[in-house]
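> What follows is a single structure, and I will ask about it in a moment.
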Amino acid sequence: MPAREVQLDDLIGRRVLDPEDCSVGRIEEVLAEIQDGECLVREYHLGAYAVLERFAAFSIGRTILRLLPHKRTWRAYRARWDQLDLSDAERPRLRCALDDLEKLRV
């Protein structure tokens, strides 16, 4: 598969669909690293709960998460770079079943 460049600004907030056209959640965070002078995406964090994940390291973040109503219904997933199809960056899709994604824990 050839390397491809996509603007992160175009991805953040985009809704991701699974193979059955059900919404998995929005792309909330992208983890990348610099390797040989290039920025390579390693994983994407998806779902409403993922946006709060970055605050969980702080005590205030944990407190907010505990106070949120219905937090059990909130979802967050970690998708490896190869589990997301970005051939149409406006409509990202999973290349795998939702059950194949790792759930994020905060």
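> Taking the condition surrounded by 13 or more Cβ atoms within 10 Å (Cβ to Cβ), under 12 Å from the mean Cα position of the chain (by Cα) and at pLDDT below 90, does Ala79 pass?
no
> Under the condition of being at pLDDT below 90 and buried (at least 16 other Cβ atoms within 10 Å of the Cβ), which residue from the range 31-54 is nearest to Leu94 (Cα to Cα)?
Gly47
> Regarding the range 10-30, can at least one residue be identified that is touching a strand residue (DSSP E or B) at 6+ places or on another chain (Cβ under 7 Å), among the acidic types (Asp, Glu) and either surrounded by fewer than 16 Cβ atoms within 10 Å (Cβ to Cβ) or part of a helix (DSSP H, G or I) (or both)?
Within the range 10-30 (the criterion being touching a strand residue (DSSP E or B) at 6+ places or on another chain (Cβ under 7 Å), among the acidic types (Asp, Glu) and either surrounded by fewer than 16 Cβ atoms within 10 Å (Cβ to Cβ) or part of a helix (DSSP H, G or I) (or both)), the answer is no, since none of the residues qualifies.
> Take Arg66 and decide whether it is modelled with pLDDT of 65 or more, of a type in the set (D, E, K, R) and within 15 Å of Arg105 (Cα to Cα).
Criteria met by Arg66.
> Report, ordered by the first and then the second residue, all pairs with beta carbons closer than 9 Å, sequence separation of six or more or different chains, a first member in the range 90-106 that is farther than 19 Å from Leu8 by Cβ, and a second member that is loosely packed, with under 14 Cβ neighbours inside 10 Å and among the hydrophobic types (A, V, I, L, M, F, W, C).
Sorted first by the residue in the range 90-106, then by its partner, the pairs are Leu98/Cys22.
The values are calculated or read from the model by the stated rules, or taken from the named source; none is laboratory data. This is a predicted model, so every value here is computed, not measured. All Cβ positions, glycine included, derive from the backbone under ideal geometry; neighbour counts span all protein chains shown.
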